[in-house]
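Novice: First the structure, which I've put down as structure tokens, then a few questions once you've had a look.
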Amino acid sequence: MSALNPAADLSAHGHDDHGHHEISFVKKYIFSTDHKMIGIQFLLTTLIMLLVGGSLALGVRFQLAWPWRAMPVVSQVAELVGGPNFIAEGGQISPEFYTMLFTMHASVMIFLVIIPILAGAFGNFLIPLMIGADDMAFPALNMMSYWFMWPAIICFGLSFTVEGLNAAPAQGWTSYPVLSAIRDSAPGAGDAQTWWLLGLTLVGVSSMMGSVNYMTTIINMRAPGMTLFRMPLTIWSMFITAILQAFALPVLTAAGFMLLTERTLGFNFFVPGGLVVNDGDPTVGGGQPLLWQHLFWFYSHPAVYIMLLPAMGMVSDMLACKVRKPIFGYKPMVYSMAAIAGLGFIVWGHHMFTSGMNPALGMTFMISTMMIALPSAVKVFNWIGTIWGGKVVFDTVTLNCVAFVSMFIVGGLSGIFMAAVPVDIYFHDTYFIVAHFHYVLFGATLFGCFGAIHFWFPKMFGRLMSDRVGRLHFTLTFIGFNGTFFPMHLLGIAGFPRRYADPYIHPYMEHLMPMNQFITICAVIMGVAQFLLIGNFIVSIFTGKKAGRNPWNANGLEWTAPSPPGHGNFDILPVVYRGPYEYSSPLVDGRDFLMQTELLPPAGDAGNEPAVDS
Amino acid sequence: MVNKFWPLFFMFWPILAIVSFVIAPSMDWWFPGPAMSKFGEQIDNLFYLILVIVAVTFVGTHVALGYVLWRGVDNRDTKAWFSHGSHNLEVLWSIAPAGILMFISLYQLDVWMQFRVKSHFPEGTTPIAEVTARQFEWRIRYAAPGKKLMTTPQPDDLYTVNDLHVPFGRPVSIRLRTMDVQHSFFVPELRVKQDAVPGTVIPVWFDTMRPGEYDLTCAELCGWGHYKMRGRVVAEKESGFQQYLLTLQAEQNFDGVTRPEHSGAQIAEYGIEDSQ
Ligand code: HEM
Ligand SMILES: [Cu+2]
Ligand SMILES: [Cu+2]
């Protein structure tokens, strides 16, 4: 049975395959319960948010390169629309505004881009297709998980405006109390901070609905023959991520509520007594500010893996397909993801080495943190092993996947410096940290996502994205990215602290301004390059080359469905006979892939073994 | 050769990365000077040890990556190598990094204990001042010359702002507190950093090897003026330090009319040495 049936291919705007019920426009494109549409909605939303977050970052970068200079373009526009008062005279960034810029940059990027693009966009789109289900287990819940994003976005937006545009949240994405608990502590610590916390909670609700759905779907709705160890690594990663999310998120939600009640109802969890903030009355109470840090990082460390594991899974699938080779060490790949997730729960304290917590805890967190580098290393070796002996053709997808591996190596290695507690005493809260997490979150995760967008785009819209534009986008982004973030390691070594509106008032940093200007120029290149992606995306929806069911000659179940799949996904119900990585199998002649659904004639029975031994 | 463009591309950037690290010290993109404290030297040594390990791994993995890509583009006609992996390799590349990581973790424990575990503080560490962070300045309280620093403020205590004087050449400690939100006491040249946590007093010790002025900055976001919490740590000779305290006292007690008398004899009498 070859699943390649061009006759079944549908035109770009996929007519409903089943044809026996018409769906209204609203139900189909807006309040859709179809996992594919929800995935695409998530994807479009996160891409827009990527631009928003990116613009905020450019504001930060501008200030660091040319402190207190009037922002080009922005200041003129501000002038035109009556000059919002957050920008001081002459369109320059005030120090208050600077703290708001980096706070909202990180909040948008983490909560509205990275987390929803992985689980929300790709998780939704891929899970049912890759395991051979017709939809998610709870389609209505799935729809709600998308529509809870919008109140969150609105809350974040309101947090920018409730106090008349001069007081967005400004306590960093980590939002440490006491700064975030006392209204007088900073211009943005009033209602803005309350709205921010509400937004955070809503993002959490959205993610939680997603993860319940993913777990249930993956456990219950796999196609016949899809045993756990025949699942693509993408599915494993989504599954593990959903579990991480489900166990870690309640802690953040609880912490968020605690802070909310502390701010609005006068409860007391985080603020100790006797503080005099901003010449106000002394505080009363017996709270403990470190409690927030523990609760926050108990979620947010696992969350950094929530922001990475799905990309790891997707890159594994794309890479195997692109080099026409089985994944190297499938089971070690699964186990190392599980190990990362497990260890991820006991390393949160590495964000708190200098926080004043018990030094004995510092030692245990240091050892567990070192240990979490191990499964990360195993994964890197296995990706290199996967390419080893493969056939490499450099298209956009391959390029982004290789970049993922290369950038992840850097991010993992810089983690080792910081995991070493004494060295972290020096590096904590310097640009070394900023370099580290951009290498893992942008360098790894986002390059992985760029690859995934190009790879699964034909399944989403039935057309291919332009490879030439894709490669150009990759090249510019890669150069811009490394130019932006690699020098930040050096800034960190030079003791350049993060979150400084004007570092150059400190004599030991004066000479670092040219380097910051270089960084900002690279960041602008990188930012501008993203329009290539957006443009390619939009144009290709309408004019891209038509893709058949299986444009990449890949093995997974999703490639047996029409492109785009109709309602209910599969016209031929899939039955699974093997794992997804049987590329270049000697069992078939004349082609180098062997789909999961293909039943081979019994040639000594060898063909239908689950080919997943390590 | 054209088809080797991308493998070269992926091998080229690591070379740039390494070059940038090699030239960094001479371009002054490096530590703000060598560590000015014995404790800081230990941190630097650890840093360089890890740097070597990391650099070797970075080069190794990228050579491997470059190699497999390079070979991969040549692989045009034949099928790819049909292999699901190698158990032996998995074992090898799990155990080897595990050993190295374990080594790093255990090797550095001692430095950490010295820094934070009170019973491991160096002999003779003297509390010299109380540093209270506040939006956006460092308030400093010394005991009067010859007196012991008490946990509660005394009537004859001496106060300054953003200017911490310490005797050099021996470990001293400060009592770090904050009046309002979190801050972090960061002296890059001495490689010390410690958050100031509301509701807690944290003892922080450091030493200075040479007399001099070291920048003091804040490393924990504390509000819009975070960047401008600039102070300095002045390390000077024991006698200079005593003199400083006396001057401070004289200034503080100066009622605008009569100067309280002070003589050199008093300095000798009140050695801060025994204020432990
Ligand atoms: C090889 C494994 C890793 C190790 C050993 C490691 C270690 C660390 C340590 C010790 C810190 C705290 C540094 C400090 O604030 O002083 C840190 C920060 C951070 N790491 Fe990692 N890390 C690793 C991998 C990752 C990955 C894979 C991600 C994300 C996908 C990640 C994301 C982050 C983020 C976002 C922060 C900074 C949070 C903040 O302060 O704003 N790390 N890492
Ligand atoms: Cu972490
Ligand atoms: Cu500060």
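Novice: Take every DSSP beta bridge whose two residues both sit in the range B:126-253, then give the antiparallel share in percent to the nearest 5.
Specialist: Among the beta bridges of the range B:126-253, antiparallel pairing accounts for roughly 70 percent.
Novice: Counting each DSSP H run of 4 or more residues in the protein assembly as shown as -39500 (n - 2.57), what helix-only mean residue ellipticity at 222 nm follows after dividing by all residues, to the nearest 500 deg cm²/dmol?
Specialist: It comes out at -17000 deg cm²/dmol, rounded to the nearest 500.
Novice: Once all Cα-Cα distances of the range A:429-567 are split into 5 Å bins that start at 0, what whole-number percent is in each one?
Specialist: 2, 10, 15, 17, 13, 11, 9, 7, 6, 5, 3, 1, 0
Novice: Describe numerically, in nm with one decimal, the distance between label points set 7 Å from Cα along Cα→Cβ at A:Thr161 and at B:Ile23.
Specialist: Roughly 4.8 nm, to one decimal.
Novice: Counting only other chains, and only Cβ atoms inside 10 Å, what mean value do you get across the residues of A:471-481?
Specialist: 1
Novice: On to the next question. Using the basic label-point model (7 angstrom from Cα toward the beta carbon), what is the A:Ile525 to A:Lys331 distance in nanometres?
Specialist: 4.6 nm
Novice: Something else now. Restricting things to alpha carbons, find the Rg to Rh ratio for the range A:31-270 using the Kirkwood radius for Rh.
Specialist: 1.05
Novice: Taking both sides together, what accessible area is buried at the B/A interface, probe 1.4 Å, expressed in Å² and rounded to the nearest 100?
Specialist: Accessible area lost upon association: around 9100 Å².
Novice: To continue, here is another question. Using only the Cα atoms, work out Rg/Rh for the range B:1-119, with Rh taken as the Kirkwood radius, to two decimals.
Specialist: For the range B:1-119, the value is 1.12.
Novice: Across peptide A:372-381, what mean number of C-beta atoms from other chains lies inside 10 Å of a residue's C-beta?
Specialist: 5
Novice: Further, regarding this structure: Take the Cα radius of gyration of the range B:126-253 and divide it by 2.2 N^0.38 Å, with N its residue count; two decimals is plenty.
Specialist: 0.98
Novice: Shifting gears a bit: Dividing the Cα convex hull volume of the range A:248-382 by residue count, how many Å³ per residue is that?
Specialist: 131 Å³
Novice: OK, next. Averaged across the residues of B:179-189, what count of C-beta atoms belonging to other chains lies within 10 Å of each residue's C-beta?
Specialist: Shielding by partners across B:179-189 averages 6.
Novice: Which residues, if any, in the range B:105-123 have at least 30 Å² less accessible area in the whole protein complex than in the isolated chain, probe 1.4 Å?
Specialist: The answer is B:Ser105, B:Gln108, B:Leu109, B:Trp112, B:Arg116.
Novice: Helix hunt in chain B: which complete DSSP H runs extend at least 15 Å axially by C-alpha with mean Kyte-Doolittle at least 0.0?
Specialist: Length and hydropathy pass: B:5-27, B:38-74, B:87-116.
Novice: For a protection proxy built on the mean count of beta-carbon atoms within 10 angstrom, sort B:153-164, A:319-330 highest first, please.
Specialist: Final packing ranking: A:319-330, B:153-164.
Novice: Which stretch or stretches of the range A:320-350 have amide N atoms under 13 Å from the point lying 7 Å from A:Val393's Cα along the Cα→Cβ direction?
Specialist: A:321-325
Novice: Another one. At q = 0.05, 0.06, 0.07 Å⁻¹, what log₁₀ I(q)/I(0) does the protein assembly as shown have when each alpha carbon counts as one equal point scatterer in the Debye sum?
Specialist: -0.30, -0.43, -0.58
Novice: Okay, moving on. Given the protein assembly as shown, what percent of its DSSP beta bridges are antiparallel, to the nearest 5?
Specialist: 75 percent
Novice: List the residue ranges in chain A for DSSP H helices whose C-alpha atoms run 27 angstrom or more along the long axis and whose Kyte-Doolittle average is 0.0 or above.
Specialist: A:35-65, A:191-220, A:233-264, A:359-387, A:396-419, A:467-493, A:513-543
Novice: Quick check: from the Cα gyration tensor, does the range A:308-544 come out rounded (a/c under 1.5), prolate or oblate?
Specialist: oblate
Novice: Please get the size of the charge dipole for the protein assembly as shown, origin at its Cα centre, with Cβ charges of +1 on Lys and Arg and -1 on Asp and Glu, quoted in debye to the nearest 20.
Specialist: Charge dipole of the protein assembly as shown: 1820 debye, to the nearest 20.
Novice: Under 11 Å from the 7 Å Cα→Cβ point of A:Val539, by amide nitrogen: which residues of the range A:446-466?
Specialist: Only A:466 pass the distance filter.
Novice: For the ranges A:423-436, A:59-72, what's the packing order if you count other beta-carbon atoms within 10 Å of each residue, average per peptide, and put the highest first?
Specialist: The most tightly packed comes first, giving A:423-436, A:59-72.
Novice: Continuing with this model, one more query. Of the listed peptides B:98-108, B:185-195, A:566-576, A:29-39, what is their order by residue-averaged count of other C-beta atoms within 10 Å, with the highest listed first?
Specialist: Answer by packing, highest mean first, reads B:185-195, A:29-39, A:566-576, B:98-108.
Novice: Between B:His87 and A:Thr364, what is the label-to-label distance in nm when each label sits 7 Å out along the Cα-to-Cβ direction?
Specialist: Result for the modelled spin labels: 3.6 nm.
Novice: Right, something else. Among rounded, prolate and oblate, which fits the range A:145-244 when a ≥ b ≥ c are the square roots of the eigenvalues of its C-alpha gyration tensor, a/c under 1.5 means rounded, and a/b larger than b/c means prolate?
Specialist: Verdict is prolate for the range A:145-244.
Novice: Also, I was wondering about something else. Which FRET efficiency value, to the nearest 0.05, is calculated for A:Phe138 and B:Asn253 with the Förster distance at 56 angstrom and r the Cβ-Cβ distance?
Specialist: 0.15
Novice: Using only the alpha carbons of chain B, what is the convex hull's orientation-averaged projected area in square nanometres?
Specialist: Spelled out: convex hull of the Cα atoms, projected over all directions, averaged, 21.8 nm².
The values are calculated or read from the model by the stated rules, or taken from the named source; none is laboratory data. Quick caveat: nothing in here was measured; it's all calculated off a predicted structure. Virtual Cβ from ideal backbone geometry, glycine too; neighbours counted across all protein chains shown. Only protein heavy atoms, including side chains, enter the accessible area calculation; ligands, DNA and RNA are left aside. Shrake-Rupley method; radii C 1.70, N 1.55, O 1.52, S 1.80 Å.
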